[in-house]
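The values are calculated or read from the model by the stated rules, or taken from the named source; none is laboratory data. This is a predicted model, so every value here is computed, not measured. With ideal geometry, Cβ positions are generated from the backbone for all residues, glycine too; neighbour counts draw on all protein chains shown. When the accessible area is computed, the model is the full protein with side chains, heavy atoms only, and any ligands, DNA or RNA have been set aside. Shrake-Rupley method; radii C 1.70, N 1.55, O 1.52, S 1.80 Å.
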Amino acid sequence: MTRAQKTRRLLLLALTALIWGAAFVAQSVGMEHVGPFTFNGVRSLIGGLVLLPCVPLLDGLAQKNGEPSRAPKTPADRRALWQGGLLCGLALTAGSSLQQAGIQYTTVGKAGFLTAMYIILVPVLGVFWHKKPGAQVWAGVALAVAGFYLLCRPEQLGVGRGEAMLLLGSLMFSFHILLIDRFSPIVDGVRMSCIQFFVAGGICFAAALLFERPTLGGLLASWAPILYAGVLSCGVGYTLQVVAQKGLDPTVASLVLSLESVFSVLAGWVLLHQALSLRELLGCALIFAAILLAQLPGKTPGPKKQ
């Protein structure tokens, strides 16, 4: 991968983080009228429906540009596509549901901090997949954690029901990032993203019918935040993640995606007129420094002595 390609993909991940950061506002407003499973179920199904027409469109553009077909060609290709879509869908279902439910039982500060723990969990879990990030990446992780602490200002260190849900949700998002790293080089990202949304939407909507009481009135009252979360956060955001993360180190990708918490604070400042304190601005600066640090080239090991 050339430096220009890597820069372009990192910028796409930053755009994904911006979309997700603004989605926190939509999630907060939408939960006033519907439950977490209902919200996630409808938004995921909308995301899948948005992507369906994109598949033939992108295939046509690739053919027009003389690029190889994006469609799976062999039974092994189709099996890998459906396996990736199913596993990513399950991880996405677990992560988003735990996050959405956990927010109801804790403060926003703790929610932001605990959700951001995937920046630690990704490199830790990556070790088991024989992915060993360099020292500068681990230093970036430490800086980012410090930045999130200053940014989110958790009031106390106790872990209650909501905190446990958010921490488990962060673990599921870590698996989601690693699964994308595993499957994105071998399958079409848009097709896999489409499958994962229908898997997540179907499971969440079934859970909503079992554990919640979704009503047409509640959905209509939340149409704007659900539409944003479905079209932009799911349809655009997660697809950008799948496409842009291809070939990138998953730890570096998780650091860039963690910018969503910074953008969520900025969205609250712009849309809800919430001012940023000096401490919060320092937290933002530390997170940006962490991402820049993670991009520094590591040491290339020299030849072994005979």
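Numbers below:
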{"item": "Segment 1-11: number of residues that are crowded, with 16+ Cβ neighbours inside 10 Å and of a type in the set (A, V, I, L, M)", "result": "1"}
{"item": "Qualifying positions in segment 89-141 - more than 23 Å from A289 (Cβ to Cβ), aliphatic (A, V, I, L, M) and modelled with pLDDT of 75 or more", "result": "L90, A91, L92, A94, L98, A101, I103, L125"}
{"item": "Which listed residue is more than 19 Å from C88 (Cβ to Cβ) and in contact (Cβ under 8 Å) with a residue 60 or more places away in the chain, from G268, G230", "result": "G268"}
{"item": "Unmet requirement for S174, which otherwise passes all of (1) among the hydroxyl-bearing types (S, T, Y); (2) open to solvent by less than 50 Å² (accessible area, probe 1.4 Å); (3) under 26 Å from C54 (Cβ atoms)", "result": "(3)"}
{"item": "Conditions (1) closer than 19 Å to S233 by Cα; (2) modelled with pLDDT under 90; (3) among the charged types (D, E, K, R): number failed by R43", "result": "(2)"}
{"item": "Verdict on L52 being open to solvent by 70 Å² or more (accessible area, probe 1.4 Å), within 21 Å of the chain's Cα centre (by Cα) and at pLDDT 80 or above", "result": "yes"}
{"item": "Only listed residue being open to solvent by less than 60 Å² (accessible area, probe 1.4 Å) and without any contact (Cβ under 8 Å) to a residue 24 or more places away in the chain, chosen from A62, A17, A80, A23", "result": "A62"}
{"item": "Test: residue in segment 186-196 that is among the acidic types (D, E), open to solvent by 40 Å² or more (accessible area, probe 1.4 Å) and either in contact with a helix residue (DSSP H, G or I) (Cβ under 6 Å, 6 or more places away or on another chain) or touching a residue at least 40 places away in the same chain (Cβ under 8 Å) (or both)", "result": "no"}
